[in-house]
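Undergrad: Before I ask anything, let me first share the structure, which is written out below as structure tokens.
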Amino acid sequence: MALAHLTDEQIRTWTRQQKDEWWFTTVFRGNLPQLTIRSALTGFFLGGALAATNLYISAKTGITLGVGLTSVILAFALFKGLTRLGAKDFTILENNAMQSIATAAGYMTTPLAASLCAYMMVTGRIIPWWQMLIWMVVIALLGVLVAFPLKRRFINEDQLPFPEGRAAGVLLDAIYTDDAGAGIFKARVLGIAGAIAAFYQFICGEALQRLLQFKILRLDSLFGMKEPWHFQDQIDKYYYALAAMWNLWIPKILGTDIRQLGIRFGLDFAMIGVGGLMGIRIATSVLIGALFNFVVLAPIMIKLGDIKPLVKISDGVMGFSRASIVNQWSLWWAVTMMVVGSLVALLGKPELFRGLFAKLKARKPAPGAGKAAGPDILKHIELPLWISYLGVPVLSVVGAWVTHVFFNVPFWLALSSLPLIFVLSIICTNAMALTSWTPTGALSKITQFTVGAIDHTNPASNLTTAGMTAEIAANAANLLSDIKPGYMLGAKPRQQAMGHVIGIFSGALFAIPLFFLLFLKPNAAGVRSVETLGLEPFTFPGAVQWKGVADLIASGLTGLPRSVIVSMIIAALFAAFIEIYGIVRKRPFPLSTVSIGLGVVLPVDASIGMFAGALFFWWHSRRHTTVGTPGHRLWVDSVEPICAGLIAGAALIGIADAIVSVLPFMEH
């Protein structure tokens, strides 16, 4: 069914009151069930599972994935299946409310994989779980309260597209009113992909295989097995085992073993799925960044002595590792490229800044359009604005206070950074509305450098204040993207806001305990330490970038080798050239500066896996160009469900393996 929408002329000339009256009489679905107990519970637990997979992927790649479309498909399939057992099917608005909850939960993992993780890396202090919970919830609620005054302008009046939210609305409309078979097909594809990835991850999981083979099947007692068999996901280990036995060739670059350079080869279905979602341009950029750094630059710098052997590889022999190479030398040029590229790209989008001022002034109605003011026909279903006007200043003070108490940031400094949230939220929301992209990376650096200029001696000051302003802005933008499909389908915005709050608690309650279980493992004495953060495969590339900027601010570039300074200058110039080229030519450069830098902080095997996934689906998109054919339906129309299944299947079993490994009864 074609979704009702205004024409460009109506959007330009009608007042908001006229648009609200049109929406209320044409689109609004009245009392159709929306935020019901079952939609809230489904969204809460589904959102928790998707938040867990998002945290797992973010820790591996530094990338946060949107989960809105995935949750729509999963909930649709779940309740279609339950209808066969006598349950009542989800209404279209119940599914929409559920996806709002699940999406909000998924976004709650961002500070854990970025600002908070970087804070722990820099300070060496583990943040208590309850402090994480309070800080994350307060900041996220601030984002909700900031969003709703903007919602009236961006969605009701300007009718901006919000492409990602619109895609969810179109999908919901299609599977509920046009072709339910399309939803079932995508759900089936997602399930098959998830099952394949889950099985592969299961046979690779050492802890799960120990549980199965030793604790359940008792193969150690029956056959005297010392170690359980499991498949090596780093498949090059099989070659190196044979090389040790038969004295085979070991690849070296300028005399350094490629394993010490971090060049490994593996098979990870989650990375293939991530690559399929990110596309060929981004994945190619990531791979080029990885290969240029670890195949070309790192061996040269080792040869020159600017990268020193700091890792013990055998008794009395020191060597290198991917982490030591990145931390000593490579991180500096990579962070420079990401920061300069993202800031120049942001400045190259003047429409975002024009939008800032446009949103801050009232629009005059066109002649003959009628009065701009009048009774608010949506007053009974919108979130009352007085809640935002009262709640924002109150929660701002609370947020600044907890930042001061929990992270030792001067209260006045935390409070003074908060006015940035209004500017950043409008920029972020405008970017999300036009492109489905939130420039939180670039915007967070604005706060980091601003606060760092005031207090450069305390990295916590710029890390946590930047995390606070960036998360509030991103949460506001993401909430409006979630509300867009509800607006298209006639949902009550007040109930979507309530659903988003449920998702905030779901994401925090699922993700925080998982963070401690997976990444802050206790040592032999039972004490948790930040030393376990950043260990492969969970390298936290996002947090490494935040930490790199904090270290840069603190160091002032003193004490660094000359080659580091030269590499940073070249990286800055190259990043600026790429972004300016795209601005001038009005089309993206074939490579992405942020992605090249990301390839440096990612494990090389992850970069290869992402490229393989992107290449696979790109090739199919070129091969199956005819709409409606089986190949197009599977490999082009269903890219997102396939990739989501690969990610979810691998991540959930990977999480299970990590949890099983720390259970007391799994000790030898």
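Undergrad: Once you've got the Cα coordinates, tell me which of Lys226/Lys312; Lys60/Lys186; Lys237/Lys308; Lys80/Lys521; Lys303/Lys586; Lys215/Lys547 are over 30 Å apart.
TA: Details: Lys226/Lys312 27 Å; Lys60/Lys186 26 Å; Lys237/Lys308 25 Å; Lys80/Lys521 40 Å; Lys303/Lys586 41 Å; Lys215/Lys547 41 Å.
Checking Cα-Cα distances, Lys80/Lys521; Lys303/Lys586; Lys215/Lys547 exceed 30 Å.
Undergrad: Among the trypsin sites (Lys or Arg not before Pro) within segment 558-609, which fall in a DSSP loop and have no more than 12 other Cβ atoms within 10 Å of their own Cβ?
TA: Those that pass, being in a loop and sparsely packed, are Lys586.
Undergrad: In addition: Under the 0.36 nm per residue contour assumption, what length would be gained going from the current alpha-carbon distance of Asp89 and Val398 to full extension? Write down the numbers at each step before the final one.
TA: Working: separation 309, 0.36 × 309 = 111.24 nm, distance 4.19 nm.
Contour length minus Cα-Cα distance gives 107.1 nm.
Undergrad: Let me make sure I get this right: for segment 248-298, a, b and c are the square roots of the gyration tensor eigenvalues over alpha carbons, sorted descending. Under 1.5 in a/c it's rounded, otherwise prolate if a/b > b/c, else oblate. Which is it?
TA: Cα axes put segment 248-298 in the oblate bin.
Undergrad: Given a Förster radius of 56 Å and the C-beta distance between Leu390 and Thr558 as r, what FRET efficiency does 1/(1 + (r/R0)^6) yield to the nearest 0.05?
TA: With R0 = 56 Å, the Cβ-Cβ based efficiency is 0.75.
Undergrad: Distance from the Cα centre of segment 298-315 to that of segment 383-427, in angstrom?
TA: Cα centroid of segment 298-315 versus Cα centroid of segment 383-427: 45 Å apart.
Undergrad: Pulled fully out, how much extra length does the chain show between Asn247 and Val527, if you take 0.36 nm times their separation in residues and subtract their Cα-Cα distance?
TA: Stretched fully, the Asn247-Val527 segment lengthens by 96.6 nm.
Undergrad: Quote the convex hull volume per residue of segment 500-569, based on C-alpha atoms, as a whole number of Å³.
TA: Looking at segment 500-569, the number lands at 171 Å³ per residue.
Undergrad: Another question, then. Quick check: the angle from helix 37-61's long axis to the longest principal axis of the chain, C-alpha only, nearest 10 degrees?
TA: 40
Undergrad: Could you work out how far the C-alpha centroid of segment 481-552 sits from that of segment 89-111, in angstrom?
TA: 16
Undergrad: On a 0 to 90 degree scale, rounded to 10, what angle separates helix 639-661 from the longest Cα axis of the chain?
TA: Computed tilt is about 50 degrees.
Undergrad: Please work out the Cα center distance from segment 618-633 to segment 210-226, rounded to the nearest Å.
TA: Taking the Cα centre of each part, segment 618-633 and segment 210-226 sit 47 Å apart.
Undergrad: According to a simple spin-label model (label point 7 Å from Cα along Cα-to-Cβ), what is the distance in nm between Ile454 and Leu219?
TA: 6.0
Undergrad: Can you give me the distance in nm between label points at Phe199 and Arg623, each placed 7 Å from the Cα along the Cα-to-Cβ direction?
TA: Those two pseudo-labels are separated by 2.1 nm.
Undergrad: So if R0 is 30 Å, what FRET efficiency would Arg585 and Leu291 give, r being the distance between their Cβ atoms, rounded to the nearest 0.05?
TA: Here the calculated transfer efficiency is 0.70.
Undergrad: In nm, to one decimal, how far is the Leu254 label point from the Asn31 one, both placed 7 Å along Cα→Cβ?
TA: So the label points at Leu254 and Asn31 sit 7.5 nm apart.
Undergrad: Expressed as cubic angstrom per residue, what is the convex hull volume of the alpha carbon set of segment 136-190?
TA: Given the Cα convex hull of segment 136-190, per-residue volume reads 119 Å³.
Undergrad: Further question on the same structure: Sorting His500, His230 on the 10 Å Cβ count, fewest up front, what's the list? Could the numbers behind the result be given before it?
TA: Details: His500 27, His230 18.
Final ranking by Cβ density, sparse to dense: His230, His500.
Undergrad: Rounded, prolate or oblate: which fits segment 181-251 when a ≥ b ≥ c are the square roots of the eigenvalues of the alpha-carbon gyration tensor, with rounded for a/c under 1.5 and prolate only if a/b beats b/c?
TA: Values: a/c = 5.33, a/b = 1.44, b/c = 3.69.
Since a/c reaches 1.5 but b/c is at least a/b, the shape of segment 181-251 is classed as oblate.
Undergrad: State log₁₀ I(q)/I(0) for segment 76-204 at q = 0.10, 0.15 Å⁻¹ as given by the Debye formula over alpha-carbon point scatterers of equal weight, solvent excluded.
TA: After summing over all Cα pairs, the log10 values are -0.56, -1.04.
Undergrad: Which trypsin sites (Lys or Arg not before Pro) from segment 1-98 combine a DSSP loop assignment with at most 13 other Cβ atoms within 10 Å? Provide the component values of the computation, followed by the final result.
TA: On the way: sites: Arg12, Arg16, Lys19, Arg29, Arg38, Lys60, Lys80, Arg84, Lys88; in loops: Arg29, Arg84, Lys88.
Taking segment 1-98 and a limit of 13 other Cβ atoms within 10 Å, the loop trypsin sites (Lys or Arg not before Pro) found are Arg84, Lys88.
Undergrad: Suppose R0 equals 22 Å; then what is the FRET efficiency for Trp129 and Asn408 from their Cβ-Cβ distance, rounded to the nearest 0.05? The partial results should precede the final answer.
TA: Details: r = 18 Å, r/R0 = 0.83.
Efficiency, from the Cβ-Cβ distance: 0.75.
Undergrad: Can you give me the angle between helix 16-26 and the longest principal axis of the chain, using Cα atoms only, in degrees from 0 to 90, rounded to the nearest 10?
TA: Once rounded, the angle reads 90 degrees.
Undergrad: Here's something else I'd like to know. At a 10 angstrom cut-off on C-beta neighbours, averaged per residue, how do the peptides 627-633, 454-460 rank from highest to lowest? Provide the component values of the computation, followed by the final result.
TA: Working: 627-633: 11.7, 454-460: 16.6.
Taking the mean over residues of other Cβ atoms within 10 Å, the ranking is 454-460, 627-633.
Undergrad: I'd like to compare 190-199, 274-283: which one has the highest average count of other Cβ atoms within 10 Å, and what's the full order after that?
TA: In decreasing order of mean packing, 190-199, 274-283 become 274-283, 190-199.
Undergrad: Would you work out the relative contact order for the chain, in percent, from Cα pairs under 8 angstrom that are 6 or more residues apart? Before the final figure, lay out each step's value.
TA: On the way: 1083 pairs, mean separation 219.3, N = 668.
Worked out over the chain, it gives 33 percent.
Where a number appears in this text, it was derived from the coordinates with a stated rule and is not lab data. All values derive from a computational prediction rather than experimental measurement. Because the Cβ atoms are built from the backbone with ideal geometry, glycine has one as well, and the counts that use them run over all protein chains shown.
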